[in-house]
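**Q** First the structure, then my questions, so here it is.
Where a number appears in this text, it was derived from the coordinates with a stated rule and is not lab data. These numbers come from a predicted model, not from an experiment. As a convention, Cβ positions derive from the backbone with ideal geometry for all residues, glycine included, and neighbour counts pool all protein chains shown.
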Amino acid sequence: MSHSHDHDHDQNHNHEHEHIHHHSHGHEVPWSDAVAQWFEPGWNDPQMRWVTHAAELAADDVVVDVDCGDGRWLGAAAAWVVRGQLIGVTPTIAASRAAVAGHPDVARLDLRFGSTSVLPVADGVATVAWSIGLSRWQDPAASVAELHRILRPGGRLMIAAEAEACGIAPSDPADPAPLKALLRAAGFRGVEVRRYRDGAQRYVMFVAGRSRV
């Protein structure tokens, strides 16, 4: 990561004025009708725009989508990651496979059964990992440790959630501080808490990196 210190970073963009786009910083999506059919509906999700922008996806990345659900985010990443690997971890493997069956790059979407606390991914494989929402994080310490384990040195991590559900402390589910501290304790560097809004809805995204050494 380019940031050497930990800090909160407010980016309170209204949807209609938001300046983060999928073509920012040269990461233009190679467009086609097949890509558009899958990609464009998901692009209405503001979290998808922010996370994929923060990830700075490249053609050779190895992306791990933790708790990938219907695979839409992983499918969107395929537009950038044309030579790398796309891994989705899901506790509902049959439903996830059915959801991505119509994706033009379905053969490249490597869906694996697992949980956030036990990721079926080898050590140091991922250049990018993300997790959207914390509802399935039954053991946050184990989940953070697993994310650190699967990332290679220099790898990038994004965790996104709605602001009212960005915390791991039952007493205050809207407080991002405990998760930020847990990420730092696990060895992540450059930990940021970025805040966004889309209309009335507010979001938080944790961005961090694994040290290069």
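**Q** List the trypsin sites (Lys or Arg not before Pro) within the stretch 61-117 that fall in a DSSP loop (any state other than H, G, I, E or B) and whose Cβ has at most 13 other Cβ atoms within 10 Å.
**A** Arg83
**Q** Quick check: residue separation of Ala185 and Gln201 times 0.36 nm, minus the Cα distance between them. What number comes out in nm?
**A** Full extension of this stretch gives 2.8 nm more.
**Q** Could you please rank Phe206, Phe113, placing first whichever residue has the fewest other Cβ atoms within 10 Å of its Cβ?
**A** Phe113, Phe206
**Q** What distance in nm separates the simple spin-label points at Gln85 and Ala142, each placed 7 Å from Cα in the Cβ direction?
**A** 2.3
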